[in-house]
Amino acid sequence: MSLPGGPAAISLRQATGADAALLAALGATTFRDAFGPFNRPEDLEAYVAVAFSPERLATELAAPGSRFLLAESGGVPAGYAQLVGGGPRHLELPGPVVEIRRFYVVRAWHGRGVAQRLMAAALDQAAEWGARTVWLGVWQENPRAIAFYRKCGFRIAGTQEFQLGTERQHDWIMVLDRPAAASS
């Protein structure tokens, strides 16, 4: 499967423990690209140092109920998504519930269909797990991401706080209601 305008095919695969360092570097890069211009460098780097260490990613990759999907072109990462089971503690959502905890596309791949393919794969994975509701948190100051999630069918259902270094930020909780899995 190839994307129009792309130099090579985009493939999607489940990341493994061997991808911990790759995901740490990819996560740090895409997070800095997305939020660096809008935050104090020291807050951003404090968060990146903890959230995207290879050790932390190895732990998250090995955690039960956690799945990373990796988009690649010719072996070069183009984006990734992390899914985990469970909902936000302060918001009642019809279950089973799956969170898209991280969803990032490398800047060079923006506008080339990678995000749509990655989201479709993430939602397929959530459906495979039997999710009735899929949710994610998105910074309220990120209109591009909010617009993309709305286009995918998500709606705003609440808020949550996000600590970035010394700064407390506010995220929208966006949800996508999915039909319950049919029982056989």
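Tabulated results
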{"item": "Accessible area of residue 132 in the full protein assembly, 1.4 Å probe (Å², nearest 10)", "result": "100"}
{"item": "Per-residue ³J(HN,Hα) for segment 66-73, Karplus 6.51 cos²θ - 1.76 cosθ + 1.60, θ = phi - 60°, Hz, x for Gly and Pro", "result": "10, 9, 10, 10, 10, 9, 9, 10"}
{"item": "Distance (nanometres) between label positions extended 7 Å along Cα→Cβ at residue 50 and residue 147", "result": "3.3"}
{"item": "Euclidean distance of C-alpha centroids, segment 121-184 and segment 21-39, integer Å", "result": "19"}
{"item": "Order of exposure, largest accessible area first, which applies to 45, 141 with probe 1.4 Å", "result": "141, 45"}
{"item": "The chain, relative contact order [Cα under 8 Å, separation at least 6], %", "result": "19"}
{"item": "Charge context of residue 36, other residues only, Cβ under 14 angstrom, K/R +1, D/E -1", "result": "-3"}
{"item": "5 angstrom amide H check on residue 159, placed H, neighbours 5+ away", "result": "173"}
{"item": "Residue 86 long-range amide H proximity, modeled H, under 5 Å", "result": "97, 98, 99"}
{"item": "By average C-beta atoms within 10 angstrom, highest first, the peptides 142-148, 17-23", "result": "17-23, 142-148"}
{"item": "Area of residue 106 that stays accessible when all protein chains are in place (1.4 Å probe, Å², to 10)", "result": "40"}
{"item": "Rg/Rg_ref, the chain, where Rg_ref = 2.2 N^0.38 Å and atoms are Cα", "result": "1.01"}
{"item": "Amide H within-cut-off set for residue 102, under 5 Å, with H built and near neighbours excluded", "result": "82"}
{"item": "Heavy-atom surface of segment 1-155, accessible at 1.4 Å and reported per residue (Å²)", "result": "49"}
{"item": "Carbon and sulfur %, accessible surface of the chain computed with the full protein complex present, 1.4 Å", "result": "55"}
{"item": "Estimated FRET transfer efficiency when R0 is 25 angstrom, pair residue 177-residue 21 (beta carbons, to 0.05)", "result": "0.10"}
{"item": "Span-rule helices in the chain, defined as complete DSSP H runs reaching 20 Å or more along the axis (Cα) with Kyte mean at least 0.0", "result": "20-35, 114-128"}
{"item": "Cα shape, segment 63-149, gyration tensor, a/c 1.5 rule", "result": "oblate"}
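The values are calculated or read from the model by the stated rules, or taken from the named source; none is laboratory data. Predicted model, so just to flag it, every value in this text is computed and none were measured. All Cβ positions, even for glycine, are placed from backbone atoms using ideal geometry, and neighbour counts span all protein chains on display. In case anyone asks, the SASA skips ligands and DNA or RNA and just uses the protein heavy atoms, side chains included. Shrake-Rupley method; radii C 1.70, N 1.55, O 1.52, S 1.80 Å.
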